[in-house]
Amino acid sequence: MAFPVSVAERTLRFYRELGFGIWGEAEWRAGTQRYFSIVFGDNKINIHPEEMVARRNLPGTLRAPAAEPGCADLCFVWAGGIANLIAHLARCAVPVVAGPVRRMGGRGAGTTPGISIYIRDPDDNLLEFISYDAGDLHAVS
């Protein structure tokens, strides 16, 4: 998965502050790689900086033709409890746009209920954090 951003430095700060790892930052800064990635667990999302967005037809650049900053709608599994997530977002000064709300998650072929919190990143991408913790399910009806 990959998505474009309008200001790469702002994106780096935002995801790093939320606790995501960053892969390829030094190479991107050195100009030896055109993108960097945010990483979490065994997952990685490539971030296409503004240079790649501006030069979408550059040979060797594989991107969807309509991909523009703010086009992503992502869901991450949160394993730390919804109350802890809300507290973490408050410490990071990231407003919650919706939630906590009950949702059907992707586990169990889309049949497993969870509790979700929604936020937006600096490019207005929608980020959902879903908890499958039984305590969260019982706390939110």
Estimated vicinal HN-Hα couplings, Hz - the range 34-47 in sequence order (Karplus 6.51, -1.76, 1.60; Gly, Pro = x): 7, 9, 10, 9, 9, 10, 7, x, 9, 10, 8, 10, 6, 10
Modelled label-to-label distance, VAL140 and ALA90, 7 Å Cα→beta-carbon offset: nm? 1.5
Where does the chain land at 222 nm, in deg cm²/dmol rounded to the nearest 500, when only DSSP H runs of n ≥ 4 count, each adding -39500 (n - 2.57), divided by all residues? -7500 deg cm²/dmol
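Counting only protein heavy atoms and using a 1.4 Å probe, what share of the accessible area of the range 37-141 belongs to carbon plus sulfur, as a whole percent? Don't skip to the end; give the middle numbers.
On the way: 3190 of 5720 Å².
C and S atoms contribute 56 percent here.
Using the heavy atoms of the protein chains and a 1.4 angstrom probe, tell me the accessible area per residue for the range 36-105 in square angstrom. All intermediate terms of the calculation are to be shown ahead of the outcome.
On the way: 4120 Å² over 70 residues.
About 59 Å² of surface per residue is accessible.
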What list of ³J(HN,Hα) couplings, whole Hz, do you get for the range 113-119 from phi and the Karplus terms 6.51, -1.76, 1.60, once you set θ to phi - 60° and write x for glycine and proline? x, x, 10, 10, 10, 10, 9
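Report the gain in length on full extension from VAL77 to GLU50: 0.36 nm times residue separation, minus Cα-Cα distance, nm rounded to one decimal.
Values: separation 27, 0.36 × 27 = 9.72 nm, distance 2.79 nm.
Value of the extension gain: 6.9 nm.
For every other residue with a beta carbon closer than 13 angstrom to the beta carbon of VAL97, add +1 if it is Lys or Arg and -1 if Asp or Glu, then tell me the sum.
Working: positive: ARG120; negative: ASP73, ASP121, ASP124, GLU128.
With Lys, Arg at +1 and Asp, Glu at -1, the neighbours total -3.
For the range 94-139, just say rounded, prolate or oblate: build the C-alpha gyration tensor, square-root its eigenvalues into a ≥ b ≥ c, call rounded for a/c under 1.5, and beyond that prolate if a/b exceeds b/c, oblate if not. The partial results should precede the final answer.
On the way: a/c = 3.27, a/b = 1.66, b/c = 1.97.
Oblate is the answer for the range 94-139, as a/c is 1.5 or above yet b/c matches or exceeds a/b.
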Given labels modelled 7 Å from the Cα in the Cβ direction, how far is it in nm from ALA26 to ALA67? 2.6
Which residues' amide hydrogens lie under 5 Å from the amide hydrogen of ILE22, considering only partners 5 or more residues apart or on another chain, with H built in the peptide plane? VAL39
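Hey, what does the equivalent ellipsoid look like for the chain, semi-axes from the Cα gyration tensor as sqrt of 5 times each eigenvalue, largest first, whole Å? Kindly include the intermediate steps, with their values, before the conclusion.
Details: eigenvalues 184, 50, 34 Å².
Semi-axes (√(5λ), whole Å): 30, 16, 13.
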Going by Cα centres, the range 1-75 and the range 82-141 are how many Å apart? 23
Please compute the Kirkwood hydrodynamic radius over the range 1-56, one decimal place, Å, based on all pairs of different Cα atoms. 11.2
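In the P(r) worked out for the range 52-126, what percent of Cα pairs fall beyond 21 Å?
Tail of the P(r) past 21 Å holds 44 percent of the pairs.
Between TYR132 and THR111, what length comes free when the chain is fully extended (0.36 nm per residue of separation minus the Cα-Cα distance, one decimal in nm)?
Details: separation 21, 0.36 × 21 = 7.56 nm, distance 1.16 nm.
Additional length available on full extension: 6.4 nm.
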J(HN,Hα) series, the range 89-99, from Karplus relation 6.51 cos²θ - 1.76 cosθ + 1.60, nearest Hz, glycine and proline x: 4, 5, 4, 8, 6, 9, x, 7, 9, 7, x
Once amide hydrogens are built 1.01 Å from N within the peptide plane, the residues lying 5 or more places from GLY106 or on another chain with amide H under 5 Å from its amide H are none
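The values are calculated or read from the model by the stated rules, or taken from the named source; none is laboratory data. The structure displayed is predicted, hence computed values, not measured ones. Positions of Cβ are backbone-derived with ideal geometry, glycine not excepted, and every protein chain shown enters the neighbour counts. Keep in mind that these areas ignore ligands, DNA and RNA; they rest on the heavy atoms of the full protein, side chains included. Shrake-Rupley method; radii C 1.70, N 1.55, O 1.52, S 1.80 Å.
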